[in-house]
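The values are calculated or read from the model by the stated rules, or taken from the named source; none is laboratory data. Everything quoted here is computed from the prediction, not taken from an experiment. Don't worry about glycine lacking a Cβ; one is built from the backbone with ideal geometry, like all the others, and counts go over all protein chains shown. Note: accessible area is taken over every heavy atom of the protein model, side chains too, but ligands, DNA and RNA are not part of it. Shrake-Rupley method; radii C 1.70, N 1.55, O 1.52, S 1.80 Å.
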Amino acid sequence: MGEPSGRNPAGQMYGIRSSIMQEDRVYCFYCYLFRNDGNPSNCSALVTSGYNKWKRVNDGAKCVFLTHLRSSEHNMCERRAKDLMKPSQHIDKVIRTISNEEVEKRRLRLKTSIRSARWLAFQSCSFRGHDESSSSLNRGNFIEMIKILAETNTEIDKVVLKNAPKNAQYIAPSIQKEILHIMANRVRRMIREEVGDGYFCILVDEAQDASKREQMAIILRFVNGQGILTERYFDIKSVSDTTLSSLKNEIVNVLAQHELEVSKMRGQGYDGASNMQGAWNGLQALFLRDCPYAYYVHCFAHRLQLVLVYAAKEVDVIWEFFSHLDNIINIITSSPKRVMELQSAQRIEIEHMLAIGERESGSGANQVGNLQRLGATRWSSHYDSIKSLINMYNATCAVFENLSVHCPNGKSRGEVRGTYKHMKSFDFVFSLHLMHTIMRITDVLCQALQRKSQDILTAMRFVSTTTKLLHKLRDDDWEEFLEEVKKFCSKHDIEIPDLESIYKVGPCRSRDPITIKHHYHFDVFNETIDYVLMELNIRFNDTSVELLTLSAALDPRDSFASFNSHDICTLAEKFYPEDFSKEDIRTLKYELRHYELDMKTESRFQVSTLVELCRQLTESRRSEIYVMITRLICLVLTLPVSIATTERAFSSMKNVKTDLRNKMEDEFLADCMTLFIERDLAQKIDIDSVIDEFYVSKPRREQLQIK
């Protein structure tokens, strides 16, 4: 028992660090330790809040003490304490048990905060609320998430929300950011471990966030320890200064923070655009000075977009077609009422076609949609727009027919009628089907270039097959294409001109004595395809570059039909001299003799891409035998194909940093994006290890490690 003087002998003797020693109160030591087990209702002050209401010290306090000592609750607590262990160890172990219990409670609070923060980051949700006071009905996602967890777990409800001390609640915004930063750095360290001592490539692009700040995303491309080609989002940096030296320094600093040496860089990938003051073309040159083997490859996806853009600009008929297409879509989608009319017309048409058997029913079939807008920077969106108009042509015509009568003013009616006239012309339908046919071929290449695990040899192969299919379309498929256009016109009541009549440039005179069919065949059909082929040959001219020509000797397609040991040795010796010494080249030559026979005779190595071959070599442990060949394959795989992964990172940025969250700090944004994009790694993080790192990251007032 304590003494009325305010000195607590039990607390002083056994080192209990609590308010017992500072409040000028007396407590029952045994009952205080086991206060959760007993409920001494007659003298609860001696157990919970302490007792200091005495008039005369000797009489009032003693009376209370004696009453309490006689209570059954006190006797029970005393017996439990004495029976728990030997008298010599009794007090120290009891205090240690109580201390560890408090630590467990603190860890539970912090663990709940970590789980909540990680889930919100995974779902790209905001953390803070407008009003986080206890009386608010919506205290923000973070606190509301903790409340939901408490509803399903009584221990969390009791420890985290109701009884948490104000200095150890672990729900403050600063704590949330610390937790996220620790987990994001864990993910970056995991990526660094995946890279290991191997080679890597950087993929870099920039975009504006919701607050109009320039952000630069950095992606690492490498072959991991399992022989799998990987692209990982690594970091995003705000770049107010877009000069060449500043951009390079930012990238180098990010790499240096995680001990990634620029000398290990074996590739650079940018989009080659003229934004950021034309910085990228100069940036690759700066890196080449420090690392002459970090070869630059202009993004293949961006090249393909430029092919289609320039082809459309050069052919007048196609340029006019896209102008009319854009106008049609804008007229329909500019009004919710018109969109509803379009969807209503679609339903009627679908029901009719199902009734006459021209459509099949099924799960996901016959969906009512909308016309797709043309994207300024994504040329594949043009293909989506063309497909949507072909599928909804009848419904779109129905809306235009209604608008041409019921538009509120003459200007609008004139615009609608003029656009509708173009839409119902043979010229428009011909161009619509021509671009649909061409882009149906190029879209396969476009989709292939978006894959993370795409190697440059396979990408060039897709370019080659695209070129061949376009040549076939031009040379062999004209008659089939024309019949398809005629069939569409007949179905939708579009007037087909007399294709054998003379084609007239103006109303009265002809340009040349050619027929209308000749005009559409050679001046539109052939000319458009020719421009696409020409741009493909110009912009994808890497097949003439010696690096890719020699790399093709490693291609496993068709049972290693392209295998050439001389070219493989030349590739290593000429383009990667820093990675292959003269002794390594000699070893490579001997490895190639065995490699050729081994690969051609075993079925597991009969694969179609270099990516699959690298994985098979690692899984079969042949990489430990063919060390030099595996090293060379990894170097070729590291060469970039496209920056689609950086574009996906910016799409994620739009989810994370929205207009309502446009004041996010750069570090907070980077950490949220890291967990959101690389969630497969973030899910593997052990929460207890996060707590330990949180505790040692800086001095803490509360103990978080169990003794």
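For the reader, a short list of remarks on this structure follows.
- Against the list (1) open to solvent by less than 40 Å² (accessible area, probe 1.4 Å); (2) assigned to a helix (DSSP H, G or I); (3) closer than 30 Å to residue 270 by Cα, the condition residue 160 fails is (3).
- Applying the condition of being under 21 Å from residue 238 (Cβ atoms) and touching a Ser or Thr at 6+ places or on another chain (Cβ under 9 Å) to the range 192-205 and asking which residue is surrounded by the most Cβ atoms within 10 Å (Cβ to Cβ) yields 203.
- All helices (runs of 4 or more DSSP H) inside the range 565-682 with 2 or more residues being of a type outside the set (D, E, K, R) and free of Cβ contacts under 8 Å to residues at least 12 places away in the same chain: 582-601
- Failed criterion for residue 607 (all others in (1) touching a Pro at 6+ places or on another chain (Cβ under 8 Å); (2) open to solvent by 50 Å² or more (accessible area, probe 1.4 Å) hold): (2)
- Taking first residues from the range 99-126 that are crowded, with 21+ Cβ neighbours inside 10 Å and partners that are of a type in the set (Ser, Thr, Tyr) and in a helix (DSSP H, G or I), the Cβ contacts under 9 Å between residues at least 6 apart in sequence or on separate chains come to 110/695; 121/674.
- Within the range 652-665, being open to solvent by 50 Å² or more (accessible area, probe 1.4 Å) and at pLDDT 90 or above holds for 654, 655, 665.
- Residue within the range 382-390 that is at pLDDT 85 or above, charged (D, E, K, R), part of a helix (DSSP H, G or I) and open to solvent by less than 60 Å² (accessible area, probe 1.4 Å) present: yes
- Search result, residues across the range 299-324 that are buried (at least 21 other Cβ atoms within 10 Å of the Cβ) and more than 17 Å from residue 532 (Cβ to Cβ): 299
- Residues of the range 688-707 that are assigned to a loop (DSSP other than H, G, I, E, B), without any contact (Cβ under 8 Å) to a residue 60 or more places away in the chain and either open to solvent by 60 Å² or more (accessible area, probe 1.4 Å) or closer than 15 Å to residue 234 by Cβ (or both): 698, 699.
- Considering residues of the range 485-502 that are aliphatic (A, V, I, L, M) and under 15 Å from residue 427 (Cβ atoms) only, the residue most open to solvent (accessible area, probe 1.4 Å): 496
- Some residue of the range 325-344 being in a helix (DSSP H, G or I), surrounded by 16 or more Cβ atoms within 10 Å (Cβ to Cβ) and of a type in the set (Asp, Glu): yes
- Top-ranked residue in the range 668-687 [being charged (D, E, K, R) and open to solvent by less than 60 Å² (accessible area, probe 1.4 Å); ranked as farthest from the chain's Cα centre (by Cα)]: 671
- Any chance residue 174 is in a loop (DSSP other than H, G, I, E, B) and either in contact with a Leu (Cβ under 6 Å, 6 or more places away or on another chain) or open to solvent by 20 Å² or more (accessible area, probe 1.4 Å) (or both): no
Okay, residues lined up against (1) touching a residue at least 24 places away in the same chain (Cβ under 8 Å); (2) within 24 Å of the chain's Cα centre (by Cα):
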{"site": "238", "(1), (2)": "yes, yes"}
{"site": "246", "(1), (2)": "no, no"}
{"site": "253", "(1), (2)": "no, yes"}
{"site": "261", "(1), (2)": "no, no"}
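- Filtered residues of the range 549-564 (kept if of a type in the set (Ser, Thr, Tyr) and part of a loop (DSSP other than H, G, I, E, B)): 562
- Residue match in the range 91-110 (condition: in contact with a helix residue (DSSP H, G or I) (Cβ under 9 Å, 6 or more places away or on another chain), at pLDDT 85 or above and either more than 19 Å from residue 688 (Cβ to Cβ) or small (Gly, Ala, Ser) (or both)): no
- Qualifying position, being touching a Pro at 6+ places or on another chain (Cβ under 6 Å) and open to solvent by less than 10 Å² (accessible area, probe 1.4 Å), among 592, 613, 617: 613
- Lone qualifier among 572, 552 - being at pLDDT 90 or above, within 25 Å of residue 265 (Cβ to Cβ) and of a type outside the set (Val, Ile, Thr): 572
- If you go through the range 132-151 and keep only what is open to solvent by 40 Å² or more (accessible area, probe 1.4 Å) and either aromatic (Phe, Trp, Tyr) or within 31 Å of the chain's Cα centre (by Cα) (or both), you end up with 132, 138, 139, 141, 144, 147, 148, 149.
- Any chance residue 431 is assigned to a helix (DSSP H, G or I) and touching a Lys or Arg at 6+ places or on another chain (Cβ under 6 Å): no
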